[in-house]
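Take a look at the structure below.
Taken together, the values in this text are just the output of simple stated rules run on the coordinates, not laboratory data. On a predicted model such as this, the values are computed, not experimentally measured, just so you know. All Cβ positions, even for glycine, are placed from backbone atoms using ideal geometry, and neighbour counts span all protein chains on display.
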Amino acid sequence: MENIPTESRQYGQEAPSPELMPSRYKQSTHGSARSANQTLLNKLIALSLPFVPKPIVKQFAKRYVAGESIAEMIQTVRTLNQQGVSATIDVLGEFIHHPQEAHQTAEMYQKILQEIEEHHLDANVSVKLTAMGLLLDPNLCLNLMQNLATHAAEHHNFIRIDMEDSECTAQTIDLYLTLRKTFSNVGIVVQAYLRRTHDDVIRIIEAGAGHFRLCKGIYIEPRWLAYQLPDLINQNYADILEEMIQRGAYIGIATHDERLVWAALKLIRKYHLSRDQYEFQMLLGVDPELREMLVAAGHHVRVYVPFGKQWHAYCMRRLKENPKIAGYILQNLIHRH
Ligand SMILES: Cc1cc2nc3c(=O)[nH]c(=O)nc-3n(C[C@H](O)[C@H](O)[C@H](O)COP(=O)(O)OP(=O)(O)OC[C@H]3O[C@@H](n4cnc5c(N)ncnc54)[C@H](O)[C@@H]3O)c2cc1C
């Protein structure tokens, strides 16, 4: 079996290596770190949700999660497809503790790829490497991903590797580059809030693996590693997007921020991109109006469709990682009623 190469990358000027990091930051380089700008309200909502009965949380969650079963997920994807929207399917999972759980995740994804083909769905899959054992046994993770990529290729399909918190960034990119030596039907996600991402993108494109989803990044990361100012994150997003376009990469433009959608549309026009060079991507249940406008204007749009039995644990963990989401949910509820 091929071994995963170790991280050999030099950090750019903006992101010194962890050894050079002031000690006060060392405890907080992972996604659990808290930034000062979370509002008290978001924190309170996030803290109180674990005590809210599951059926009530389900009412909040059902807009964002396509149910627990494969049948419910298929129905959601079919409805999206009828609206001219593609999907990417994510099996909700929690941190795994045993290699057996990584095998189960891989089997579930193989089943989903079969279902996509059988039901003629316009969909691919999104995979989190931690659910495939990245932090337990990187070689097992690589092995399972190689099998899944083979299976996806047999079904003429594609795998997008989600990006998780900064503990996983280097390993995720290294595993992706290893996979891409054999498989072209795999792509990666990069996060515009990370100071290292611009350099990563260039390295990935130079390795011939420029197939991206570009997002802002969902985890709470320390200032040492990630831009904190919304304007700076947006500026970096637009700069990285332009770099990707200039270097001929394929880009999934994943955002609901209309300022970024506007910046992307400007770049699409400036560089005369055709539909096969990019797509817009959005989360299930978030701003369907913007999604419909993009579809109506002739753009390819893909919606991220999470589903699975672990929806409750997943929602709770996401809220703990980033209480900002609680604020979004509340805003949406207020606007809808
Ligand atoms: C298809 C897709 C895949 C993604 N994959 C990853 C990934 O692999 N790794 C990663 O770190 N992040 C991922 N993200 C999340 C992303 O990093 C952002 O955290 C998220 O999209 C919010 O950023 P935004 O660009 O929409 O801008 P924001 O300014 O944060 O949001 C714009 C508006 O969109 C709405 N909104 C945004 N997010 C939500 C939400 N969750 N619930 C309700 N309303 C919301 C709010 O009304 C908000 O005002 C993904 C996002 C998308 C769309």
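Annotations
- Rounded, prolate or oblate (a/c below 1.5 giving rounded, otherwise prolate when a/b exceeds b/c) for segment 54-336 by Cα gyration tensor: rounded
- Note on segment 248-274 and segment 55-98: Cα centroid distance 26 Å, given to the nearest whole angstrom.
- Computed from backbone phi, the HN-Hα couplings of segment 144-158 come to 5, 5, 5, 5, 5, 5, 4, 4, 4, 5, 4, 9, 6, 10, 9 Hz, rounded to whole numbers (Karplus: 6.51 cos²θ - 1.76 cosθ + 1.60, θ = phi - 60°; Gly and Pro given as x).
- When each of the peptides 281-287, 140-146 is scored by the mean number of other C-beta atoms lying within 10 Å of its residues, the order from highest to lowest reads 140-146, 281-287.
- Segment 54-336, relative contact order in percent, only Cα pairs under 8 angstrom and at least six apart counted: 24
- Each residue of segment 71-80 was assigned a 3J(HN,Hα) from its phi angle through the Karplus expression (A = 6.51, B = -1.76, C = 1.60, θ = phi - 60°), giving 4, 5, 4, 4, 4, 5, 5, 4, 4, 4 Hz with x at Gly and Pro.
- Under-5 Å amide H pairs with residue 187, H placed in peptide plane, nonlocal only: 159, 160, 161
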